[in-house]
Amino acid sequence: MGKIWRRAECGKLYHICTNFHSAIIIVSFLSACIVISTMPSFRKPFVELSCDHRWLHDAQKTYLYTTRRSKLYEDMSIDIAKNGPLFLDMGTTSQGLQLSELFNLSSGQVVPLQKPAHPPVRATVLHLDFDTARKILQAVQKTFPAAFIGVMWYQDPRLYHSSMYHASHHLEPIPASREEIAEEIRATNEVAKRCCPLDIRLERVVLTSTGVLLGCWQVVNGTDPAIIRKWLKTHLPNSPTKQLYNPVMIHTSLARILGPPRDQKMVNYFDTYVSNLNMELCNFKATLRELWFVEEMDVLALALNGRLKQHRFPLECNSTSGKALF
């Protein structure tokens with residue numbers, strides 16, 4: 001009887017082991033199918049890629065440009081903590097010019113000093129439309145109290161811009177004939193035709209040690225500024241070797257603080273005002289649709305409402321390569 005029971009139990013155990021072994025094989029097979037089906041070489045892409053491999057190559061750069069911009073803006077935000085508020089003593093601007101050379105504050109009002117530029121600065125900039133700029137200006141004026149009246153210069157909302165590339169600047173002047181300038185204008189138009197409009201988002205506002213209140217942007221869609229500058233460099237071969245801005249940077253000057261406010265206690269609250277402005281404008285969205293070639297007949301004409309010539313070109317997105325960083 002005991003032998004019969006043992007044989008029966010062994011038979012059951014054999015069937016259990018056999019079924020268990022089969023289950024392992026089935027599970028392993030299904031797992032292998034899942035792994036194979038999710039491998040990149042077998043998976044159908046969510047978006048059908050074109051045959052233009054430059055699009056894919058540039059798309060992979062988008063994250064790199066974004067992170068480089070964020071790191072750059074973070075470094076800019078601690079500039080005033082490292083160097084102190086140099087503007088309280090009417091120090092130098094971000095371009096090495098003395099504030100006292102650019103503004104007169106003696107009358108209780110901020111009066112820009114227009115000085116001819118020899119030769120005129122020639123620059124390309126992305127223009128921000130007036131309606132969008134006016135909303136930003138209103139936020140700035142609302143945030144900074146009346147004590148700053150007479151020591152704060154607000155950027156004209158008709159001229160809000162992001163500087164891209166210089167054909168000539170004050171640190172490396174490059175004189176040019178009217179024929180040569182006409183060729184630079186034509187070349188800028190060619191670049192504009194390739195570029196796609198930029199949908200941008202405000203990442204942060206920073207106050208620099210030289211007193212400039214800057215809006216620092218990220219690109220959501222469109223041709224990245226690094227690409228635009230690369231194309232401009234190619235199309236403007238006689239331009240200064242040293243450009244003024246980081247290749248990935250896209251920023252807008254919103255205002256300049258030129259000295260201490262009437263209430264000296266306000267000096268202790270700069271970080272509070274900037275923080276409040278950041279909360280007001282955080283993730284503010286805009287679209288840049290025009291590339292300008294400007295001739296600044298006066299020093300910092302775009303910033304100080306000086307004499308300038310504007311040549312405006314729409315971003316037309318005509319070329320496939322213009323869609324590089326959507």
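The values are calculated or read from the model by the stated rules, or taken from the named source; none is laboratory data. Because the structure is a prediction, the values reported are computed rather than measured. Ideal geometry is used to build each Cβ from the backbone, glycine not excepted, and the neighbour counts take in all protein chains shown.
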Quick one: which helices (runs of 4 or more DSSP H) sit completely within segment 206-323 and have at least 2 residues that are surrounded by fewer than 18 Cβ atoms within 10 Å (Cβ to Cβ)?
225-235, 270-281
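Condition check ((1) hydroxyl-bearing (Ser, Thr, Tyr); (2) modelled with pLDDT of 90 or more; (3) within 18 Å of residue 299 (Cβ to Cβ)) across all residues:
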site: 54; (1), (2), (3): no, no, no
site: 92; (1), (2), (3): yes, no, yes
site: 123; (1), (2), (3): no, yes, yes
site: 130; (1), (2), (3): no, yes, no
site: 134; (1), (2), (3): no, yes, no
site: 145; (1), (2), (3): no, no, no
Can you pull out every residue in segment 123-172 that is assigned to a strand (DSSP E or B), under 20 Å from the mean Cα position of the chain (by Cα) and not small (Gly, Ala, Ser)?
124, 125, 126, 127, 128, 161, 164, 165, 166
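For (1) crowded, with 21+ Cβ neighbours inside 10 Å; (2) among the polar types (S, T, N, Q), each residue gets a yes or a no:
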| site | (1), (2) |
| --- | --- |
| 134 | no, no |
| 138 | no, yes |
| 145 | no, no |
| 158 | no, no |
| 163 | yes, yes |
